[in-house]
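Have a look at the structure below before the remarks.
Computed from the coordinates by the stated procedures, all read-outs in this text should not be read as laboratory data. Since the structure is predicted, the reported quantities are computational estimates derived from the model, not experimental observations. Reconstructed Cβ throughout: ideal geometry from the backbone, glycine too, with neighbour counts over all protein chains shown.
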Amino acid sequence: MLKARRSELLLILSALMFASNGIAAKLLLDGHITAWRLAQIRSITACAILALYLWRKAPATFRIKRQEILPLISYGVLGIAAVQALYFVSISRMHVSIALLIEFTAPVWIVVYLKVIRRKHVPNQMWLALVLALIGLALIAQIWDGLTLDGIGVLAGFGASFALAYYFLGGETLSEDRDSFSITMWGFFFAGFAWCLVLPIWQFPFDLFTTAIPLEGALEGNSTPGWVLIAYVVLIGTILPYLCVMTALKNLKASTTSTFGLLEPIFAGIVAWIWFAESWTAIQLVGGVVVIAGIYMADQARSKTT
């Protein structure tokens, strides 16, 4: 059974790793590093690892056609750098699971874009998906109490959601001529390059690597060097889950794969509850279920777009 369900198990594992990444990032962001610097080191390190892999497996992918330069730059800056940084800002000010749930509304905005801007035919369930997502988010934010969530965190979450929508759309266009591994590698390269332009690498707080960072929560009283958490964010929170998804895609449809992605905010909520005792109210739990229903419907509507 394990062999027959290998792809599904890989997707579940990737969702769990992506979700746990928020815990490591939150520990680092708790006064030890800014969201911008964490996004910078994540992009640079992930690019280096993927580049070494591709150098051995497919060195030809290092060549870039002239017409690919601008799309890859925008993909790296908007689709990767912006998503990571805004997500880190969001989780530094809100529950990890809530930040992820807001970010994962990206499929809703994609189908709205396809309908309104691209004028494509989208099933009418798109409108129901949008309504469900907005109602669910309103329940999570408890807007009748004057918005109980951090305002900047919410804005950062929506910013990450819109950037993630661009990540999906830009990635689809680039994948017509390139494989996903090289697209991701070049995306991380341009993301890291952009960060180095605005945040000189020689000013990076390198002492963080040897700083003892309290693990808090379930491991209260223990600490670990900063490099361990950074390695976790890069390897367990980026490279390994990505490889799991790419392997699973060989045997599953993209729509099925994206559906499994909905496990990420659920797993993030469970892990954050165990680690940080982050809890939701009953109304927020209902809102979370409604948002996930809206995201699922939007994803299904997108697969039927013509």
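Quick notes on this structure:
- Lysine pairs within the chain, Cα separation less than 24 Å, 8 or more sequence positions apart or different chains: 10
- For region 23-97, the gyration tensor built on C-alpha atoms gives a prolate shape. Its axis ratio a/c (a ≥ b ≥ c) is at least 1.5, and a/b is the larger of a/b and b/c.
- Fluctuation leader among F206, F193, F162 - the chain, Gaussian network, Cα springs under 10 angstrom: F206
- Sorted fewest first by neighbouring Cβ atoms within 10 angstrom, R56, R6, R37, R42 come out as R56, R6, R37, R42.
- Measuring nothing but how far apart in sequence close Cα pairs (under 8 Å, 6+ apart) lie, relative to its length, region 6-303 scores a relative contact order of 40 percent.
- Residues in region 119-132 carry Karplus couplings, in order, of 6, 8, 6, 10, x, 4, 5, 4, 5, 5, 4, 5, 4, 4 Hz; the curve used is 6.51 cos²θ - 1.76 cosθ + 1.60 with θ = phi - 60°, and Gly or Pro positions show x.
- Other residues lying with their Cβ under 11 Å from the Cβ of V233 contribute a combined charge of +2, Lys and Arg counting +1, Asp and Glu -1.
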